[in-house]
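Each remark here refers to the structure printed beneath this line.
The values are calculated or read from the model by the stated rules, or taken from the named source; none is laboratory data. Remember, predicted model here, so these are calculated numbers, not experimental data. Every residue, glycine as well, gets a Cβ built from its backbone with ideal geometry; the counts of neighbours run over all protein chains shown. Side chains included, ligands, DNA and RNA excluded: accessible areas come from the protein's heavy atoms. Shrake-Rupley method; radii C 1.70, N 1.55, O 1.52, S 1.80 Å.
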Amino acid sequence: MNKKFVIAIDGPAASGKSTTAKQLAIKLKYIYIDTGAMYRACGLCTLLQNISLDDEVALKKMLDKISIKIEYAEKGNRIFLNGENVSERIREADITKLSSQIAVIGMVRRKMVELQRKMGEDGGVIMDGRDIGTIVFPNADFKFFMLADVETRALRRWEEMKNNRKNITLEEIKEELIWRDRNDTTRKISPLLQAEDAIPINNSEMTIKEQVEMIYSVIERG
Ligand code: CDP
Ligand code: CDP
């Protein structure tokens, strides 16, 4: 496997995209690019600069100056917004919601797609998100679409948050996932959609190891 592929992994919230992408990146010695973190950083930026999402002029100014950098590391990437490490802050619930709200705005998406294409232009990347196989890299070498039923996804997120001692109920997590999936699939620009040539991976009944192996074997076959 000498060629440096572009691998796109899309799917709804908590469907296992980042877990899979991180492990594949280590196996393949590729760079993992979490595009959701970029929309999260954008959302946080509006909050820090007190910008309303319908203020087009202020948003444009913000986007013209924004710096979003990913520092790649095997034990977990770190994300910097305008020079500040925001890796933990962007995972908070208020930013999760804001990221989906800001992701419907055309100029935001255009800017993020431009940055993502630059990050992936030399190949050797695994990029996860919602529109990677459809819009960002429609010619990606491999496209996967992760799926799991909402009960399973909510339970997995809840387990994850329980370990982080976050005070949130399973029902609240499920509602948040349903709200976000609806917002992401129904927006006019680049909605969450399975690319026609993407391979669906329904992992409701799979272990993490199985889902990673399944994708790895497809890539290995070339
Ligand atoms: O990146 P995305 O939001 O799509 O999901 P994730 O954060 O990778 O995965 C959500 C949770 O599901 C994580 O805690 C994973 O460890 C867990 N999980 C999984 O991804 N796949 C399985 N087969 C089982 C659990
Ligand atoms: O990890 P999780 O699946 O919960 O979300 P995420 O991947 O961090 O993405 C946060 C939000 O950013 C999503 O709900 C989408 O609204 C938006 N997003 C997007 O519109 N396009 C992408 N390529 C990635 C994320």
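Rounded if a/c is under 1.5, else prolate if a/b beats b/c, else oblate: with a ≥ b ≥ c from the C-alpha gyration tensor eigenvalues square-rooted, which is the stretch 1-81? Note, shape of the stretch 1-81 comes out prolate. For the chain, modelled as a GNM whose springs connect Cα atoms under 10 angstrom apart, the maximal fluctuation among Lys65, Lys97, Lys188 occurs at Lys65. Based on alpha carbons, the Rg and Dmax found for the chain are 16.8, 49 Å.
Taking a sphere under 14 Å around the Cβ of Ala21 and counting the other residues whose Cβ falls inside, with K and R at +1 and D and E at -1, yields a net charge of +2.
Here the spin labels are modelled as points 7 Å beyond Cα on the Cα-Cβ line, and at Asn50 and Leu193 they lie 4.0 nm apart. Only protein heavy atoms count here; under a 1.4 Å probe, Phe142 has an accessible surface of about 20 Å².
Relative to the current alpha-carbon distance between Glu213 and Thr169, full extension at 0.36 nm per residue lengthens the span by 12.7 nm. Evaluated with a Cβ-only charge set (Lys, Arg +1; Asp, Glu -1), the chain carries a dipole of roughly 520 debye about its Cα centre, given to the nearest 20. Summarising the strand pairing of the chain, around 25 percent of its internal DSSP beta bridges are antiparallel. Between Thr185 and Tyr72, the modelled labels are 3.3 nm apart [label points 7 Å from Cα along Cα→Cβ]. Remark: relative contact order (the stretch 6-221) = 33 percent; criterion is Cα-Cα distance under 8 angstrom and separation of 6 or more residues.
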